[in-house]
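Throughout, read-outs are computed from the coordinates displayed, never taken from laboratory work. It should be emphasised that the depicted structure is a prediction, and the values quoted were computed from it without experimental measurement.
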Amino acid sequence: MPIDYVEHLRREGAATVAAARRGPLTASVTSCPGWDLGELVRHVAGIHRWATLIAITGQRPDERPQTPDGDAAVDFLAAGIEPLAAALAALDPDAPCWNFTGANQTGSFWPRRQAHETAIHRWDAQSSIGTQAPIDATLAADGIDELLTMFQPARAKRATAPILPGSLHVHCTDVPGEWTIHPDGNGLSVTRQHGKGDAALRGPASTLLLALWHRLPMADNNDVECFGDRAVLDAWAAFGSP
C-alpha cells in the first residue's frame, strides 16, 4: 500500500505543535546542537511555508518566509500545516517541480520530503521535553531509503575525498527494508537488497533512521546491532547530515 505522506505530515505537524505548546520554548534541542525548541519551531514553520510556495508554483522561491518569535511562532506553525497539506495533495506527482537536490524535479519529491522533514523534527521537538515517540516504522523505512538512495550519494559526490572505507549494510527488523551501500570513487552506490557489507546496522526502522540522521548513536545503542568493521561505522557516524 502506498504511503500517505500528506496524512503523515498532518499527524507529525500536529504532534510538533503539541510539543511546542507544552514547552518551554527555551528547552534545549540536543539533537540539533545550538537550537532551543523555539528555534526548531521557527525552522519547521519556515520550511512549511517555503515548501507550500514551491508546491503551488513549481518554482524556487526568491527567499524563505520570515517567521515570528515566541508563542506567535507556534501559532504560525499550526496555521501553516493544512495549507501545506492541501498544496501537496493537489500536486501532480509527474509534473515538473523544482527541488534543491538537482534530481527528481517533479511533484513527487515534496510530499515525501515534507513528511520526513516533519517527522524527524517532531521527534526533535518531543525529545527536548522528554516525550519522544518513535517514528511510524513504515514511514521510517521509507525515510532510510530517501536518505541512502538520494541524499547521501549526492553528498558523497560533492566530497573531495572518499567518504567510507568500506561497504555498509542496513537492515530493518520490524518492517521490510534492506540496503547495501558501497563506496564508488568519491560517491556511493546503493542497492535495495540483502547483502554482506564490511559493516552492518540492524534494528527497528525508527531507531535506524534516527541514528543515520545523527539523532541517536549508531554504536552503544541498545536497539541497534552493529557488526563488522568499526572503522566503517565510525566513518558513517562522522558523515554529517546532508
For q = 0.08, 0.10 Å⁻¹, what log10 I(q)/I(0) does the chain give under the Debye formula with an equal point scatterer on each alpha carbon and no solvent?
-0.31, -0.48
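Suppose the chain between residue 196 and residue 237 were pulled fully straight at 0.36 nm per residue; how much longer would it get relative to their current alpha carbon spacing?
Working: separation 41, 0.36 × 41 = 14.76 nm, distance 1.92 nm.
My answer for the length gained is 12.8 nm.
Express as a percent, rounded to the nearest 5, the fraction of DSSP beta bridges in the chain (both residues included) that run antiparallel.
On the way: 15 of 20 bridges.
Around 75 percent antiparallel, to the nearest 5.
Convex hull over the alpha-carbon atoms of segment 5-128: what's its volume per residue in Å³?
Values: hull volume 11.5 nm³, N = 124.
Enclosed volume per residue, from the Cα hull, is 93 Å³.
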Can you list residues from other chains, or at least 5 along the same chain, whose modelled amide H is less than 5 Å from the amide H of residue 189?
182, 184
Springs between alpha-carbon pairs under 10 angstrom, Gaussian network model over the chain: which of 151, 100, 227 fluctuates most?
100
What list of ³J(HN,Hα) couplings, whole Hz, do you get for segment 224-231 from phi and the Karplus terms 6.51, -1.76, 1.60, once you set θ to phi - 60° and write x for glycine and proline?
10, 8, 10, 10, x, 6, 5, 5
Read phi for every residue in segment 210-221 and hand back ³J(HN,Hα) as whole Hz from Karplus 6.51 cos²θ - 1.76 cosθ + 1.60, θ = phi - 60°, with x for Gly and Pro.
5, 5, 5, 8, 6, 8, 10, x, 7, 7, 6, 10
